[in-house]
1. Restricting attention to the range 51-70, and to residues there that are part of a loop (DSSP other than H, G, I, E, B) and among the aliphatic types (A, V, I, L, M), which single residue is surrounded by the fewest Cβ atoms within 10 Å (Cβ to Cβ)?
2. Does LEU47 satisfy the criteria of being modelled with pLDDT of 90 or more, more than 22 Å from ARG262 (Cβ to Cβ), under 21 Å from the mean Cα position of the chain (by Cα) and surrounded by fewer than 18 Cβ atoms within 10 Å (Cβ to Cβ)?
3. For residues in the range 154-168 being assigned to a helix (DSSP H, G or I) and touching a residue at least 24 places away in the same chain (Cβ under 8 Å), which is farthest from TYR103 (Cα to Cα)?
4. Is the range 209-218 home to any residue that is surrounded by fewer than 22 Cβ atoms within 10 Å (Cβ to Cβ), farther than 18 Å from LEU150 by Cβ, without any contact (Cβ under 8 Å) to a residue 40 or more places away in the chain and among the aromatic types (Phe, Trp, Tyr)?
5. Right, THR183: polar (S, T, N, Q), part of a helix (DSSP H, G or I) and modelled with pLDDT of 85 or more or not?
6. Name the residues in the range 53-104 that are basic (Lys, Arg) and touching a Pro at 6+ places or on another chain (Cβ under 9 Å), would you?
Amino acid sequence: MSEAIANQEGFDAQQSGRLALFKEFWSYFSENRGAVIGMIFFFCVVLVAIFANFIAPHSATEQFRDAFLQPPFWQVGGEWRFPLGTDAVGRDVLSRLIYGSRYSLFIGCIVVSVSLVFGVVLGLCAGFFRGKVDIVIMRVMDVVLAFPSLLLALVLVAILGPSLINAMIAIAIVQQPHYVRLTRAAVLGETTKDYVTAARGIGVGKLRLMFVTILPNCMAPLIVQAALSFSSAILDAAALGFLGMGAQPPTPEWGTMLAEAREFILRAWWVVTFPGVAILTTVLAINLMGDGLRDALDPKLKRS
């Protein structure tokens, strides 16, 4: 009975500790109003992507032959059936923007997940084993960083073939060195601390020491980098789509929508403006949220 009570008390203490950490994090995060606004906007984009089938007035690929390049509802010739107008083949711009949010979030999640996992593993190996392992990994990362990111992504997609999947692979490879360098720097700072020395002394295995003991204490800067890389992934994917090397028509990806609308910039401003605004606001919201995470998770930025 006493053992059960002690276990319950330990569980309650752990829960209260987590709650206190969350309250401390939120107190610093909420001080940045831009970060809060960015978070709210980002969650709205997530909800729009999840419920796109219910929110969008039309299908993303449905063509209305009687409404080519129809302007938004507030202009002469516009109608409420197409609130933001239609494109050159009669597809509803608003519906394509709504469904396009799914692709942007999907791209960000996949790219960040892949680059984070591989970057963390390589960074841990480089910082923990040092020596030749460190030299080989970091020199490869230096070579990748020596190329302009978009140019390298274009070359990789040209080799693999234009498609959304290949574009995500290329962007993940381009972003990976940032995680490797950040993880390595954090590991080098942690391996000299007393708790790591104590873990070595009691015979903790190398894998457990790397992934269970050291890695959790390196996650704060990685979380911030992941948030900022999410917006970079969306932006790079849109750039590749605009250049015809990313998602291919009729996929309602925002960069591809811009590419399809290039020749109608002067005749139909809405087919270019609204996808551009969607990219701008989403990337800005994620960057603002990333700044808030940095302020809340970096002990150097916290006031005493």
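The values are calculated or read from the model by the stated rules, or taken from the named source; none is laboratory data. Please read all numbers here as calculations on a predicted model, not as lab measurements. Here the Cβ positions follow ideal geometry from the backbone for every residue, glycine too, while neighbour counts run over all protein chains shown.
1. LEU69
2. yes
3. Result: ALA158.
4. no
5. Considered against the rule, which asks whether it is polar (S, T, N, Q), part of a helix (DSSP H, G or I) and modelled with pLDDT of 85 or more, THR183 comes out as yes.
6. ARG81, ARG91, ARG96, ARG102
Per-residue answers, yes or no, for (1) among the polar types (S, T, N, Q); (2) assigned to a helix (DSSP H, G or I); (3) modelled with pLDDT under 80; (4) under 23 Å from ALA237 (Cα atoms):
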| residue | (1), (2), (3), (4) |
| --- | --- |
| ALA6 | no, yes, yes, no |
| GLN15 | yes, yes, yes, no |
| LEU19 | no, yes, yes, no |
| VAL36 | no, yes, no, no |
| PHE43 | no, yes, no, yes |
| VAL76 | no, no, no, no |
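Here's the yes/no breakdown for (1) within 23 Å of PRO252 (Cβ to Cβ); (2) within 24 Å of the chain's Cα centre (by Cα); (3) basic (Lys, Arg):
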position	(1), (2), (3)
TRP80	yes, no, no
GLY108	yes, yes, no
VAL117	no, yes, no
LEU124	no, yes, no
LEU152	no, yes, no
ALA170	yes, yes, no
